[in-house]
1. From the residues in region 80-113 that are of a type in the set (D, E) and touching a residue at least 40 places away in the same chain (Cβ under 8 Å), which one is nearest to R47 (Cα to Cα)?
2. Just checking, does region 13-31 include any residue being within 16 Å of the ligand (Cβ to nearest atom), over 21 Å from A158 (Cα atoms) and modelled with pLDDT of 95 or more?
3. Looking at region 85-100, can you tell me whether even one residue there is at pLDDT 95 or above, within 16 Å of the ligand (Cβ to nearest atom) and more than 19 Å from E246 (Cβ to Cβ)?
4. Have a look at G142, G165 and point out the one that is within 20 Å of R227 (Cα to Cα) and either within 15 Å of the ligand (Cβ to nearest atom) or out of contact with any helix residue (DSSP H, G or I) (no Cβ under 7 Å at 6 or more places or on another chain) (or both).
5. Do we find a residue being among the β-branched types (V, I, T), farther than 27 Å from E243 by Cβ and within 16 Å of the ligand (Cβ to nearest atom) anywhere in region 43-55?
6. Here are the criteria: (1) away from the ligand (no atom under 13 Å from the Cβ); (2) touching a residue at least 60 places away in the same chain (Cβ under 8 Å); (3) part of a strand (DSSP E or B); (4) within 29 Å of P87 (Cα to Cα). Tell me which single one L127 does not satisfy.
7. Just need a number here: residues in region 193-213 that are assigned to a helix (DSSP H, G or I) and under 22 Å from the mean Cα position of the chain (by Cα).
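The values are calculated or read from the model by the stated rules, or taken from the named source; none is laboratory data. Not measured: the values here are computed from a predicted model. For neighbour counting, all protein chains shown are included, and Cβ atoms are generated from backbone atoms with ideal geometry for every residue, glycine included.
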Amino acid sequence: MLKGQETEHFEDSFARYVGTRHAVTNGSGLDALRLIFEAWITLGRLRAGDEVIVPANSFIASALAVSQAGLVPKLADVSSATHNLAPESIVDALTERTRAVMAVHLYGSTEGIDAVRDLCSDRQLLLVEDSAQAHGARRPLGSAGAIGDAAAFSFYPAKNLGALGDGGCSVTDDDDLADRIRVLANYGSRTKYIHEQRGINSRLDEANAAFLSIKLKCLDDDNARRRLIAARYRAEIRNEHVEVPEAPSAADGHVWHLFVVHSDRRAELQAHLERLQIETMIHYPVPIHLQPAYAGVSTPPNGLPVAEELADSVISIPMSPVLSDGDVSRIIHAMNTFGR
Ligand SMILES: *Cc1c(COP(=O)(O)O)cnc(C)c1O
C-alpha cells in the first residue's frame with residue numbers, strides 16, 4: 001500500500017526480528033509512538049482526555065507522543081535500581097481515567113517489564129513499550145517491542161539500529177491497530193486521494209529502509225559488542241565516586257544503548273573526562289515534570305524523588321560497538337584516576 005519494495009521488505013524483516021505480526025515504518029520514533037495512541041483513539045479503544053502513565057525519567061518524546069494524541073501524560077517515578085517504571089510507582093500514579101502505561105526501556109534495559117506487564121493485564125491497562133533505546137533486547141517473556149500491546153522504535157542515527165536520518169517504526173500483533181497506523185501515517189488514506197481519516201505524513205524513505213535492512217543483520221553482533229564493553233566497565237571501573245549499574249537479571253535483556261553511572265561528584269568527573277577528551281552526556285538533566293514544556297503537569301502525591309535524584313547524579317560514558325578495546329581501557333583508566 002503506497003510503500004516501496006525496500007520499505008515493505010524492511011517491515012517484514014523487522015517484524016520477524018522483533019517477533020510481532022506487524023511492523024509499520026514512519027518518519028520518527030516520536031511519530032511511531034504518537035500514531036499508536038491516535039490509532040487507538042480512532043478505533044474507539046481510547047478517548048481524548050484518557051490518562052497514560054509515563055516515567056518522569058525519560059526523553060521528552062515519551063510524554064509528547066501522549067500529549068500530541070490528545071491524551072494526558074501522568075508522570076510516574078522510576079525505580080532507583082533499574083531507572084525504569086516499577087509497579088509501585090504505576091499504582092501511585094493511577095486514577096480512574098488511567099487507560100494505558102508507557103514503559104520505556106531506558107538505556108536499552110528491559111529490567112522490570114515482566115512485573116509491569118502483569119500489572120497492566122490485571123488492571124486491563126494497555127501497555128506500550130517505548131523501545132527507542134532497546135532494539136534487540138530479549139527476555140524469556142519476549143523481545144523488546146513484543147511484550148506489550150504495541151511498541152515504538154526510533155531509527156535516529158545514534159540509536160542501536162540507526163538509519164542515515166530520522167526514521168521510526170510501530171510494531172504490534174493487533175491487525176486492526178497496524179492497519180489504522182498505516183492509514184494514519186499516510187494522510188489517512190488507503191486508496192490514493194481518498195482520505196478516510198485526518199492523518200499525517202510520516203514515512204521512512206526507501207533509501208533509509210534499504211540501509212536499515214543491511215544494518216539489521218549486524219544488530220545482534222553490535223549489541224553483543226556493547227555487552228562486552230559494559231561487562232568490562234562493570235568489572236574494571238573502581239572509584240569510590242562512581243557507581244556502575246547492576247548486572248541485568250537477564251543478560252540479553254539489556255542492549256546498553258547507554259552506559260550510565262552515578263557520581264556524587266558528577267560535575268568534576270565530567271570536567272576530568274573532558275580534559276582527557278572523553279565525551280560524556282547526561283541522560284537526562286531535567287526530568288519531564290520539571291521541563292518548561294510541562295509546567296503545571298500533575299505529579300503523584302509523593303512527588304517524583306527518584307527521577308529528580310537521577311537527574312542530578314547520572315552521567316553517560318562512551319558506549320558504542322565501534323569503541324576499540326584500547327578505547328575502552330583508556331576510558332576505564334580515566335574513570336579510575338578521577339579524584340586521585
Ligand atoms: C530517541 C527516543 C525517542 C524518539 O525517537 P525519535 O526518532 O528521535 O523521534 C523516544 N523515546 C526515547 C526513549 C528515545 O530515546
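1. The residue in question is D92.
2. no
3. Among the residues of region 85-100, at least one is at pLDDT 95 or above, within 16 Å of the ligand (Cβ to nearest atom) and more than 19 Å from E246 (Cβ to Cβ), which makes the answer yes.
4. Working: G165 fails: within 20 Å of R227 (Cα to Cα).
Just one listed residue meets the conditions, G142.
5. Yes: region 43-55 contains one or more residues that are among the β-branched types (V, I, T), farther than 27 Å from E243 by Cβ and within 16 Å of the ligand (Cβ to nearest atom).
6. (2)
7. Of the residues in region 193-213, 5 are assigned to a helix (DSSP H, G or I) and under 22 Å from the mean Cα position of the chain (by Cα).
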